[in-house]
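See structure below.
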Amino acid sequence: MEDLVRLKQTMLNITHELLSGCRFCVQIASDCDDRTPVHCVKYSGCAIPVQINAATCLSCQEYKKNAKRQEKPEIATSS
Ligand code: SF4
């Protein structure tokens, strides 16, 4: 039973890590038993988020686009 709880917590931590760069993600629930832990405003179309599950985020992949935007370009130096 402890292993299952630990696995759920690990999955939730991974979800947190993946979505930290998504501009549509408002909040992620801390309860690892929550089946829809992600609060997203992309699919609500307004400021009030809808709760979705991690599988929806994986298929949406908006977090990848935002992560690319956050990358800083390298600054070329001449010596
Ligand atoms: S569903 Fe898409 S837009 Fe919404 S939080 Fe997940 S990755 Fe971001």
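Nothing in this text is a laboratory measurement; each read-out follows from the coordinates by a stated rule. Keep in mind it's a predicted model, so treat the numbers as computed, not measured. Neighbour counts run over all protein chains shown; Cβ positions are idealised from the backbone, glycine included.
Could you run through the range 1-21 and say how many residues are of a type in the set (A, V, I, L, M), over 10 Å from the mean Cα position of the chain (by Cα) and within 14 Å of residue 54 (Cβ to Cβ)?
Residues meeting the conditions: 2.
Answer yes or no as to whether residue 28 is among the hydrophobic types (A, V, I, L, M, F, W, C) and touching a His at 6+ places or on another chain (Cβ under 6 Å).
On the way: among the hydrophobic types (A, V, I, L, M, F, W, C): yes; touching a His at 6+ places or on another chain (Cβ under 6 Å): yes.
Yes; evaluated as a whole, the condition is true for this residue.
Report the residue count in the range 22-36 for those that are under 10 Å from the mean Cα position of the chain (by Cα), within 22 Å of residue 8 (Cβ to Cβ) and not in a strand (DSSP E or B).
The initial filter retains those residues of the range 22-36 that are under 10 Å from the mean Cα position of the chain (by Cα), namely 22-28.
Cutting the leftovers down to within 22 Å of residue 8 (Cβ to Cβ) gives us 22, 25-28.
Still in the list and also not in a strand (DSSP E or B): 22.
Residues that pass the stated criteria total 1.
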